[in-house]
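The values are calculated or read from the model by the stated rules, or taken from the named source; none is laboratory data. Everything quoted here is computed from the prediction, not taken from an experiment. Cβ: placed from backbone, ideal geometry, glycine included. Neighbour counts: every protein chain shown.
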Amino acid sequence: MENIVIRRMEIEDAEAVTDILIKSWQTAYRGIVSDEHLDNMDRVTLTDRRRKQYKDYIVAVFEGRIVGYCWYMNDNSFTNDVPDIDCEVVALYVDPELKRNGLGRQLLLYAIDDLKKQGRKKMIIWCLKENYPSRKFYEKMGGEIIGEHTTNIGYKDYDEVGFLYRL
């Protein structure tokens, strides 16, 4: 896709980002995460979280509409079991109707470039183990699986694999 603008998220973008999150989860995780959880995602609560964290996000904008986002951190807040990692992509989602158009690639490359500029060396992305399309994408983008752990979603445990990127 041409004419994509990637920029820092603004607080006013929280609802659009939440809508992409919910739509993405309900599409990509159906059959992996429980239907009950996917069908009952609380838009208000999720939007409030996005408003609190918006400074750590970037968004992809196409024709005035947010079509994807990436949440990344220049520290290791979520991955204490891998202490030599110094940054993390926490979430990367694209409007499911626009997948396979290079948006995810552009968002990930933007995040990697920004983290490199901040002097970061090793980045991790965690992905649900059964989410094979995303795993294929992360491998294609140069990630190597370095481990597994368990995450809890909706009071149920799920296995994740961690992809290391050497920046």
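Can you tell me which of (1) buried (at least 18 other Cβ atoms within 10 Å of the Cβ); (2) within 18 Å of Ile153 (Cβ to Cβ); (3) out of contact with any Leu (no Cβ under 8 Å at 6 or more places or on another chain) is the one Glu130 doesn't meet?
(1)
How many residues does the stretch 50-82 hold that are modelled with pLDDT under 95 and of a type in the set (Gly, Ala, Ser)?
2
Residues are listed down the side, and each one gets a yes or a no for (1) of a type in the set (A, V, I, L, M, F, W, C); (2) over 29 Å from Asp13 (Cα atoms); (3) at pLDDT 95 or above:
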position	(1), (2), (3)
Asp84	no, yes, no
Arg105	no, no, yes
Ile112	yes, no, yes
Arg135	no, no, yes
Ile145	yes, yes, yes
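Inside the stretch 102-121, can you point out the residues that are within 19 Å of Lys140 (Cβ to Cβ) and among the charged types (D, E, K, R)?
Correct list: Arg105, Asp113.
Going by what's in this entry, would Val17 be described as in contact with an Asp or Glu (Cβ under 7 Å, 6 or more places away or on another chain) and either farther than 21 Å from Asp157 by Cα or surrounded by fewer than 17 Cβ atoms within 10 Å (Cβ to Cβ) (or both)?
Judged against the criteria, Val17 is not a match.
Out of Gly119, Gly104, Gly142, report the one residue that is touching a strand residue (DSSP E or B) at 6+ places or on another chain (Cβ under 9 Å) and at positive phi.
Gly142
If the requirement is being out of contact with any Asp or Glu (no Cβ under 6 Å at 6 or more places or on another chain), in contact (Cβ under 8 Å) with a residue 40 or more places away in the chain and surrounded by 13 or more Cβ atoms within 10 Å (Cβ to Cβ), which of these qualifies: Ile58, Ile32?
Ile58
Can you go through Leu98, Leu108, Leu128 and tell me which one is closer than 23 Å to Ile4 by Cα and either touching a residue at least 60 places away in the same chain (Cβ under 8 Å) or of a type in the set (D, E, K, R) (or both)?
Only one candidate qualifies: Leu98.
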